[in-house]
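**Student:** Attaching a single structure in C-alpha cells format; questions to follow.
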Amino acid sequence: MNYKNIVGLLMLMLSHAVYTTGTVTNEDALRSAASTRISGTAIQNALCEMLSTLEDMKRTDDLCKATVITQAQVLSESGIYCLGNDVTGTIFIAGSGITLNLNGYTIFAGSDGIAVSDTASDVRIKNGFIQGTSVDRLSEDRGIFISGARDVRIADVTCQNWAIGIYFVDATAGTLDRVVCDRNRVGFLCEQSLGLVIRNSVFSDNVLRGAQSSSCSSVEFINCSAFHSSGADSEVIGFSSNGATIVYRDCTAFNLGLGFIVDFGRGDFFNCVSNGNIIGFEVDGDAATVNNCVAQDNIGSGFFSVPDQGEVVFRNCLAKGNGIGFGEVGAITDDIKNMYLNCIACNNGTNYSSNIIASNHAPVTSAANARGFDNVDCSNMTPDLLAAAIQLLVGTVPTDFIP
C-alpha cells in the first residue's frame, strides 16, 4: 500500500471518528477496548497524530530520494535537488522536470540567485531564501530569473535586496504561491509573458514597484498585498500594469504612492482595497472594470481615471475619507464614457470631481441607463445606515472601516 492509499484510509477513519465512539486505533487500545470505551475526540486526536507522523515519513522519504547539493552549480538532469547548506553563487537550471528544494537555507549571490534557462520546463523552486548582496539595489541582478521557460512554479520563497526580486521574461504558464518580495528595487516583474498566476504573496518595502506587469497576457493576482512600512511614498507603486491583460482579485495596497495603476492595456479588479496611499486606484488603460472595491483614506483620489483612453466601469465601489472620492480627467465623448454604477462616496474632501458632475453622467434610478451616474453621497448618513448601504453594495464592511 502506497502513501496515497494510507493517507486516504486514515482520512476516511478520521472523518468516521467524528461521529462514532468505541473505535480503536492501535493494538494496545484493542486490548483495553473491552472494558473502556474510547471517545471520538481521542480517536480523532490519535488519527491526526498518525497522519502527521506519516507526512513526516513522506518528507523524509522525499529527501532520501533527493540529490543533496552544497554549492552553486548547473542542474540539467531531471530530478529532485535539495540544498544541504547555505550556498553562495548562482544555481542555473537548464533542464526539465527539476525540483529545487531550498530546504530552508539561503542562496547568497551578487548576481542572479537562481537562473532558469529557455530550455527548461516543469520546474519547481520552493522553501527557502534568496538574498542579494547589493545594498544599493541599482544593479540588474535578479533573485530568480526565468527567461523563456515554461511551467515554472515558485512557492514559499523570500527574495530580498535585489534589483528585481523575481523576473519572468518571455515565459509561459508560471505560478507564484506564498512568495515574499521584500526591499528590492522591483519586487516582481513580468515582461512579454503569458499565463501567470500569483497567489497569497506579499510585496513589501520595495523601492519603485511591488509587482509590475509589462506587455504580458493573462496574468492574475489573487489575495496578494503590497505595502510600504514607513508611510505613503510618492515614488512607490504597489501593483502596476502596462500593455497587459491583467486581473486582480482580493488584493490590498497601502502606504504607497499609487496603490494600483493600469497605465494602458486591460485591467479588471474584484474585491480589492487601497488604503492610505496618495492615489488608491488609477485606471488609464484601454478598458477596465473595477468591481466591489474600496478606496479609503488616500491623500488624493480614491478612484481616478482617464476615460479618453478607454471606457472604465466602476461597479459597487466605496470611496471614503480620501481627498477626492471619484476623480476623472480627460475629454468625455459619446463614444468613450465612464460608467459609475451603485457607488458610494462619503467623507471625502470632494466626493465627485467637477468633471464628473459637469459631464452628462446624469443621475439615474437604475442600472438600465449604464451611461448614467447612480451614486450615494453618504456624507450625512448615520453610521447604521451607512454600514447597511456598504453591506448592500460592496458585500462586506471592511474591518477597519469606521463610519
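**Student:** If the requirement is being surrounded by fewer than 17 Cβ atoms within 10 Å (Cβ to Cβ) and of a type in the set (Gly, Ala, Ser), which of these qualifies: Ser201, Ser218?
**Tutor:** Ser218
**Student:** Any chance segment 250-267 includes a residue that's in contact with a Phe, Trp or Tyr (Cβ under 8 Å, 6 or more places away or on another chain), touching a residue at least 12 places away in the same chain (Cβ under 8 Å), surrounded by fewer than 24 Cβ atoms within 10 Å (Cβ to Cβ) and among the charged types (D, E, K, R)?
**Tutor:** yes
**Student:** Additional query: Could you grab the pairs with beta carbons closer than 7 Å, sequence gap of 6+ or different chains, first residue in segment 321-346 and of a type in the set (D, E, K, R) and buried (at least 24 other Cβ atoms within 10 Å of the Cβ), second one at pLDDT 85 or above and assigned to a strand (DSSP E or B)?
**Tutor:** Glu328/Ser305
**Student:** Select, from Gln192, Gln212, the only residue that is surrounded by fewer than 17 Cβ atoms within 10 Å (Cβ to Cβ) and not basic (Lys, Arg).
**Tutor:** Gln192
Yes/no per residue for (1) among the β-branched types (Val, Ile, Thr); (2) surrounded by 18 or more Cβ atoms within 10 Å (Cβ to Cβ):
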position	(1), (2)
Val123	yes, yes
Asn127	no, no
Asp141	no, yes
Ile144	yes, yes
Ala149	no, yes
Ile154	yes, yes
Ile164	yes, yes
Cys181	no, yes
Asn184	no, yes
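**Student:** Quick one: what pairs do we get from segment 101-113, first residue more than 12 Å from Arg142 (Cβ to Cβ), second basic (Lys, Arg) and at pLDDT 95 or above, C-beta under 6 Å, 6+ apart or different chains?
**Tutor:** Close Cβ pairs satisfying both conditions: Asn101/Lys126.
**Student:** Same structure, new question: May I ask you to say which residue of Thr119, Thr99, Thr133 is crowded, with 18+ Cβ neighbours inside 10 Å, of a type in the set (S, T, N, Q) and closer than 22 Å to Ile69 by Cβ?
**Tutor:** Within the list Thr119, Thr99, Thr133, the selection yields Thr99.
**Student:** Can you give me the number of residues within segment 236-254 that are of a type outside the set (A, V, I, L, M, F, W, C) and at pLDDT below 80?
**Tutor:** Residues of segment 236-254 of a type outside the set (A, V, I, L, M, F, W, C): 238, 240-243, 245, 248-250, 252.
Narrowing further to those that are at pLDDT below 80: 243.
Of the residues in segment 236-254, 1 are of a type outside the set (A, V, I, L, M, F, W, C) and at pLDDT below 80.
**Student:** Just checking: which of the strands (runs of 3 or more DSSP E) contained wholly in segment 102-201 hold 3 or more residues that are under 18 Å from the mean Cα position of the chain (by Cα) and modelled with pLDDT under 95?
**Tutor:** none
**Student:** Ok, one more. Given the criterion among the aliphatic types (A, V, I, L, M), at pLDDT below 80, part of a strand (DSSP E or B) and surrounded by fewer than 23 Cβ atoms within 10 Å (Cβ to Cβ), identify the matching residue among Val313, Val364, Val376.
**Tutor:** It is Val376.
**Student:** From the list Val179, Val207, which one is within 18 Å of Val157 (Cβ to Cβ) and of a type in the set (Val, Ile, Thr)?
**Tutor:** Val179
**Student:** Could I ask something else about it? Tally time: how many residues in segment 202-256 are part of a strand (DSSP E or B), more than 22 Å from Gly174 (Cβ to Cβ) and out of contact with any Gly (no Cβ under 9 Å at 6 or more places or on another chain)?
**Tutor:** Total meeting the criteria: 0.
**Student:** A follow-up question, please. May I ask you to list pairs of residues, at least six apart or on different chains, whose Cβ atoms are under 9 Å apart, with the first in segment 63-89 being under 19 Å from Gly132 (Cβ atoms) and assigned to a loop (DSSP other than H, G, I, E, B) and the second being modelled with pLDDT under 95 and polar (S, T, N, Q)?
**Tutor:** As it stands, the answer is Gly89/Ser111, since those pairs meet every condition given.
**Student:** With Gly280, Gly285 as the choices, which residue is touching a residue at least 12 places away in the same chain (Cβ under 8 Å), touching a Phe, Trp or Tyr at 6+ places or on another chain (Cβ under 8 Å), farther than 24 Å from Cys159 by Cβ and part of a loop (DSSP other than H, G, I, E, B)?
**Tutor:** Answer to the check: Gly285.
The values are calculated or read from the model by the stated rules, or taken from the named source; none is laboratory data. What you are looking at is a predicted structure, and each value in this text was computed from that prediction instead of being measured. FYI the Cβ positions are ideal-geometry reconstructions off the backbone, even for glycines, and counts take in every protein chain you see.
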